[in-house]
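> One structure follows; several queries about it will come next.
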Amino acid sequence: MISKKLILLAVFLTIVIVIIFAVLPFPQGNKTNDDLSSSQTLKSDQVQVVDKNYQTSVSSEQADNLQTELLFARRNQDPKETTGIISTTLATMLDRMNSGQISSVQDLASVRLHIDDADRVQVYIELFDSSSAQISELRALGLEVELINDNLKMVQGWIFYENISELASLGNVSQIKLPNYAMSNRGSRMTEGDRLLLADKLRSMGYSGKGVKIGIISDGGNDIADAIATNDLPNDVKRFGSCSERSANRSQCRPQWTCNEGTAIAEIVHDIAPDASLAIGAVGTSLEFIERVNDLSTRFDADVIVDDLGFFNEPFFADGAIANAVSNVADEIVYVSAAGNSADTHYEAEFKALSYLGGNLHNFSNSSASDPAMDIEILPDGYVVAILQWNDRFGSSSNDYDIGLVDFSETQILASSEDLQAGSHDPIEAFCYHNNSSSAQRVKLAVELYAG
């Protein structure tokens, strides 16, 4: 009876296969912001004019006009019509919008020309008189006033482009121009996520991370001195643990381990919350991870901990040692963990037994048909790492599954994992296979229930 129950359990077990492909080395380390000055242009189907803190995309046919007319502000306005009150760049924008050259004002956004989600343009308006009555005239034409400087008789605000010419016709307006935007000096790069998260707006309200301690768990921060030298990080970042660099080894399916990913995350955090105190914890194993959680929560007294690591030997179906370590501190600390990027490289299903060539294989078919293997193509010099788990408890699995890779003709076993599960083992199998040929290789992956 016991054997029969185990067989039934095996039939309904849920299995998960995570497959990792690699064709090129995995670069790690510094942030991936485009390191471009505001005057450079990328030529592609979508051309980007990029700056550290601001970017926009326009179609290729618009790129040259954007470069010459906006970045270099070529004058094409009619002086009689505008009397020089509207700046050249704004006049160019109005001309292109009114002539139908551009269908959306958003297409003209740039490092110098800021446009909000409501399609309003941010402007400076110079006045002869900045009294409240005169400001009311501006508001009546749709200007959202942000700041008023009475000494300079200047107003900063947002206005729809359609109303700019009418603003210029007011007798009290001497000039309408673009604001003078500051360039950050905190570091050589600024994370693009800063604007996406609206962190710049929070900082303008006084929320800069002051008084908050943020701990980062990653592979390490061996290049932290370089980040400090470029002002991408402050010089008081705490460090816990150590990391040894490893070069990539494709025959071992091993990506490069740079020990610098923690620095990259710290730079992003510092961009968003420049006044927060930072610490980096280096991790290479799950035990080191648990140690770093304790270091950051107790020795550093972190308010927030973030990590970007994944452990495929941790249980997929239940909490393991790492999850428990995090749970122990989560009541007192905000804990943020990267979700990972394995959504398109995993397979999950209930085990469906299929008798095939003398084995009890999983049927990958979603219908009544029989499909004993998953077809995979591995590119030249690429590799595949496959990890199989099923929903037994770690340390007590008695359902013995194996996983293997065979050539497409099913005549040769290329790689396999056949660990024992006999009641006190973990429900996991994993293998790595490297295609060292110069041609793509078609292979088949199979899962077998060996016992249980």
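The values are calculated or read from the model by the stated rules, or taken from the named source; none is laboratory data. Because the structure is a prediction, the values reported are computed rather than measured. A quick note on method: Cβ atoms are made from the backbone with ideal geometry, for glycine too, and the neighbour counts reach across all protein chains shown.
> Could you tell me whether region 331-345 includes any residue that is in contact with a strand residue (DSSP E or B) (Cβ under 7 Å, 6 or more places away or on another chain) and in contact (Cβ under 8 Å) with a residue 40 or more places away in the chain?
Yes, because at least one residue in region 331-345 is in contact with a strand residue (DSSP E or B) (Cβ under 7 Å, 6 or more places away or on another chain) and in contact (Cβ under 8 Å) with a residue 40 or more places away in the chain.
> Looking at region 291-331, which of the residues that are assigned to a helix (DSSP H, G or I) and acidic (Asp, Glu) is farthest from residue 210 (Cα to Cα)?
Among those that are assigned to a helix (DSSP H, G or I) and acidic (Asp, Glu), it is 291.
> Can you go through 355, 370, 365, 297 and tell me which one is polar (S, T, N, Q) and in contact (Cβ under 8 Å) with a residue 24 or more places away in the chain?
Answer to the selection: 297.
> Scanning for something among the basic types (Lys, Arg) and surrounded by fewer than 21 Cβ atoms within 10 Å (Cβ to Cβ), does region 282-293 turn up at least one residue?
no
> May I ask you to verify whether residue 94 is under 30 Å from residue 150 (Cβ atoms), of a type in the set (A, V, I, L, M, F, W, C), buried (at least 19 other Cβ atoms within 10 Å of the Cβ) and at pLDDT 80 or above?
Considered against the rule, which asks whether it is under 30 Å from residue 150 (Cβ atoms), of a type in the set (A, V, I, L, M, F, W, C), buried (at least 19 other Cβ atoms within 10 Å of the Cβ) and at pLDDT 80 or above, residue 94 comes out as yes.
> Would you check if there is a residue in region 364-379 being in contact with a helix residue (DSSP H, G or I) (Cβ under 8 Å, 6 or more places away or on another chain), farther than 30 Å from residue 211 by Cα and assigned to a loop (DSSP other than H, G, I, E, B)?
no
> Ok, one more. Please work out if residue 288 is more than 27 Å from residue 402 (Cβ to Cβ), touching a residue at least 24 places away in the same chain (Cβ under 8 Å) and of a type outside the set (Phe, Trp, Tyr).
Judged against the criteria, residue 288 is a match.
> Please state which of the following conditions residue 153 fails to meet, knowing it meets all the rest: (1) crowded, with 18+ Cβ neighbours inside 10 Å; (2) at positive phi.
(1)
> Right, another one. Give the residues of region 103-114 that are modelled with pLDDT of 80 or more and more than 17 Å from residue 159 (Cα to Cα), sorted by residue number.
103
> Checking the structure you have, find out if any residue of region 304-315 is farther than 20 Å from residue 258 by Cα, within 25 Å of the chain's Cα centre (by Cα) and modelled with pLDDT of 95 or more.
Yes, the conditions are met somewhere in region 304-315.
> Are any residues in region 240-272 small (Gly, Ala, Ser) and either surrounded by 22 or more Cβ atoms within 10 Å (Cβ to Cβ) or at negative phi (or both), and if so, which ones?
Passing the criteria: 242, 244, 247, 248, 251, 262, 264, 266.
> Would you point out which residue out of 367, 337 is at pLDDT below 90, small (Gly, Ala, Ser) and under 30 Å from residue 204 (Cα atoms)?
337
> So which helices (runs of 4 or more DSSP H) are wholly in region 186-290 and hold at least 1 residues that are within 23 Å of the chain's Cα centre (by Cα) and within 30 Å of residue 433 (Cβ to Cβ)?
261-272
> To continue, here is another question. Give the residue that is modelled with the lowest pLDDT, with candidates limited to residues of region 340-350 that are assigned to a loop (DSSP other than H, G, I, E, B) and surrounded by 12 or more Cβ atoms within 10 Å (Cβ to Cβ).
342
> Taking the condition within 27 Å of residue 248 (Cβ to Cβ), of a type in the set (Ser, Thr, Tyr) and surrounded by fewer than 19 Cβ atoms within 10 Å (Cβ to Cβ), does residue 356 pass?
Spelling it out, it is not the case that residue 356 is within 27 Å of residue 248 (Cβ to Cβ), of a type in the set (Ser, Thr, Tyr) and surrounded by fewer than 19 Cβ atoms within 10 Å (Cβ to Cβ).
> Within region 432-452, work out how many residues are buried (at least 18 other Cβ atoms within 10 Å of the Cβ), assigned to a strand (DSSP E or B) and among the small types (Gly, Ala, Ser).
1
> Please count how many residues of region 403-423 are farther than 21 Å from residue 312 by Cβ and polar (S, T, N, Q).
Qualifying residue count, region 403-423: 3.
> Just one of (1) of a type outside the set (Lys, Arg); (2) in a strand (DSSP E or B); (3) loosely packed, with under 13 Cβ neighbours inside 10 Å trips up residue 406, so point out which.
Failed condition: (3).
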